[in-house]
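Notes follow once the structure below has been shown.
The values are calculated or read from the model by the stated rules, or taken from the named source; none is laboratory data. These numbers were taken from a predicted model, which means no experiment stands behind them. In this analysis, Cβ positions are derived from the backbone assuming ideal geometry, glycine residues included, and neighbour counts consider all displayed protein chains. Each accessible area value is taken on the protein alone, full model and side chains, heavy atoms only, with ligands, DNA and RNA left out. Shrake-Rupley method; radii C 1.70, N 1.55, O 1.52, S 1.80 Å.
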Amino acid sequence: MAIWFRTHLRSLSVRPTIIRRVAQSVLEQAGHPTAQLSLSLVGKTRMRSLNRKYRGRDYPTDVLAFPMGGAKNQTEVFLGDVVICLPIALEQSSRFENTPNQEILRLLIHGTLHLLGYDHEQTKQEATRMQKKEKAIFKKLLPIPRLLA
């Protein structure tokens, strides 16, 4: 089990060890304790570029997930990449009545579930299933440690 973490931000400081530990907890709560993923925190410019290149949408978004699509029956599998736009996460935290740490965790859970095959854009039923799973994992991980330095 491994979490590869990278930040592309100079103006915002995070706690990498804590973020890796929380990401591992998300995988455990999602039922994939030996899975691996890559997590990147980026700014709006990089996120806009990724969103434009891979989704054809010319604006920054809060989170993107890039599944590897590998065999799910291996004991250790690399699921893919989760990319979170930290400035957007911080901006929207109050809109969703979350603290910044809660919003980062919410986006990490959301992105990880996408790596595991959940897709809220397919059907309303799938959106409901994903939302229930997100809330269940979120509740199990309370209280949230401080992710920002």
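Altogether, the Stokes-Einstein calculation at 25 °C and 0.890 mPa s, with the Kirkwood radius of region 1-53 over Cα pairs as Rh, returns a diffusion coefficient of 200 µm²/s. Given in Å, the Rg to one decimal and the Dmax to the nearest whole number for the Cα atoms of the chain are 14.5, 40. Among the chymotrypsin sites (Phe, Trp or Tyr not before Pro) found in region 1-97, those both in a DSSP coil and sparsely packed, with 15 or fewer other Cβ atoms within 10 Å of their Cβ, are PHE96. Taking label positions 7 Å along the Cα-Cβ direction at both LEU148 and THR45, the computed distance is 2.1 nm, reported to one decimal.
Helices that extend 18 Å or more along their long axis by alpha-carbon positions and average at least 0.0 on the Kyte-Doolittle scale are, among the DSSP H runs of the chain, 16-29, 100-115. Taking amide H as placed 1.01 Å from N in the peptide plane, LEU39 has its amide H under 5 Å from the amide H of TRP4, PHE5, ARG6, VAL82, each at least 5 places away in sequence or on another chain.
Shape class of region 50-136 from the alpha-carbon gyration tensor: prolate, with a/c at 1.5 or above and a/b greater than b/c. In the full protein context, the chain carries 56 Å² of accessible surface per residue, based on a 1.4 Å probe and ignoring ligands, DNA and RNA. For the chain, the share of accessible area belonging to carbon and sulfur comes to 49 percent (1.4 Å probe, ligands and nucleic acids excluded). If the chain linking ARG55 and LYS124 were pulled fully straight, counting 0.36 nm for each residue of separation and taking away their Cα-Cα distance, it would gain 22.8 nm.
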